[in-house]
Amino acid sequence: MSQIPCHQLTQPEAETLARTCCLRQGASLAVAEALTAATLAAERRGLPALGFAHLLDYLDGFRQGRIDPTAEPVLTRPAPALIQSDARRGIAQLGFDRAFKDLCTTANDFGLGLFAQRDAFTGGELGYYTRRLGREGLVALAFTNGPPLLAPQGSSRALYSTNPLAFAAQAADGRLLAIDQACSSTAFVNLLRAAESDAPIPEGWALDATGQPTRNASDAVRGTLLAFGGARGANISLMVEVLAAGLTGANWSLDAGDFRQGSCSPGAGLLIVAIAPRLLDDAFPVRLGMQLTRLADFGVYLPGVSRSQGQFDDPSCLVWLPPDLYLKLKALN
């Protein structure tokens, strides 16, 4: 049986599709623009599960009330180097967009700047935030949480979210080291996509609803994810939980609403640290580039560097959507 071809979109067509879908679901223009930019960035990174496929979660959140589609974040400055954002049940990306220039300026003036946001929908692709700061010559770290999806060692109940962390730093030649990974053995969206296609999942990814290991994705969706590396991964997840939820005043994952159903916002947190390396070592970008080259010569896979080769900012890059996903989006257009 021949495979049904994907629907092909140019960047302008993909932007129009995403923006119009958001606006038709009641989003303000600012929310639509912020979400469109994040969606296309994920697609260009080769992360379709966090691109248009995840946009459906936002659109459903607008309709069901999990996300306020017109919320404008409130930004305050509790301290000279700290920017605080109350997302007011809106998307996470808009608060960061509003603070971005100020965060860069703050980091360059003081050596570092910190962005702390609460009461947002889940943040989508976390590396989207750190890469943008990395392209400004800053070293960036980001932490976020969401609804409970992960059972730490010693529990069969989900107590933490997947609690991803991200990092970015740019070398003098433009190569961007970009790390973005969850504390779970896989991202939750990967379970959802596997369940949709009835594909088996690897051992060690998840437990079913009775707390037993499973390779059935549908059972895993009704159960809980496991941390990578057992107790060590769970410890890192707890650290992220404290940074993303505890410091920001956001919901702990145990108290966060489901991002897939209902009208309760996850109230997630996002903590981002931006560091100006030139104030510590003017030679940092050059030294980083030399180190990346040495590691590559040893055959080391370098996140962001090894898979990028400049394709992600190419305005001529096409977006390929599965037919069923394209039809769902067009129905909301």
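The set of residues from region 243-260 being over 26 Å from LEU59 (Cβ atoms), of a type outside the set (Gly, Ala, Ser) and more than 18 Å from the chain's Cα centre (by Cα) comprises LEU247, LEU254.
With respect to the conditions (1) more than 17 Å from the chain's Cα centre (by Cα); (2) polar (S, T, N, Q); (3) crowded, with 16+ Cβ neighbours inside 10 Å, GLN8 falls short on a single one, namely (3).
Could you please let me know if ALA107 is buried (at least 22 other Cβ atoms within 10 Å of the Cβ), touching a strand residue (DSSP E or B) at 6+ places or on another chain (Cβ under 7 Å) and over 22 Å from ALA18 (Cβ atoms)? For ALA107, the condition - buried (at least 22 other Cβ atoms within 10 Å of the Cβ), touching a strand residue (DSSP E or B) at 6+ places or on another chain (Cβ under 7 Å) and over 22 Å from ALA18 (Cβ atoms) - is met. Under the condition of being surrounded by fewer than 19 Cβ atoms within 10 Å (Cβ to Cβ), at pLDDT 95 or above and of a type in the set (A, V, I, L, M), the residues counted in region 45-72 number 1.
Applying the set (1) at pLDDT below 95; (2) part of a helix (DSSP H, G or I); (3) buried (at least 23 other Cβ atoms within 10 Å of the Cβ) to TYR128 leaves exactly one unmet item: (1). Return the total of residues in region 23-39 being crowded, with 22+ Cβ neighbours inside 10 Å and closer than 26 Å to ALA195 by Cβ. Residues in region 23-39 being crowded, with 22+ Cβ neighbours inside 10 Å and closer than 26 Å to ALA195 by Cβ: 3 in total. For LEU302, the conditions (1) at pLDDT 95 or above; (2) in a loop (DSSP other than H, G, I, E, B); (3) open to solvent by 50 Å² or more (accessible area, probe 1.4 Å) are fulfilled apart from (3). Going residue by residue through region 106-113, is there one that turns out to be under 16 Å from LEU271 (Cα atoms), in contact (Cβ under 8 Å) with a residue 40 or more places away in the chain and assigned to a strand (DSSP E or B)? The answer is yes, given that some residue of region 106-113 is under 16 Å from LEU271 (Cα atoms), in contact (Cβ under 8 Å) with a residue 40 or more places away in the chain and assigned to a strand (DSSP E or B). For the residues ASP86, ASP60, ASP109, ASP97, the requirement of being in contact with a Gly (Cβ under 9 Å, 6 or more places away or on another chain) and not hydroxyl-bearing (Ser, Thr, Tyr) singles out ASP86.
The values are calculated or read from the model by the stated rules, or taken from the named source; none is laboratory data. Here the structure is a predicted model, which is why all the values come from computation and not from measurement. Please note: Cβ atoms are built from the backbone with ideal geometry, for glycine as well, and neighbour counts cover all protein chains shown. Keep in mind that these areas ignore ligands, DNA and RNA; they rest on the heavy atoms of the full protein, side chains included. Shrake-Rupley method; radii C 1.70, N 1.55, O 1.52, S 1.80 Å.
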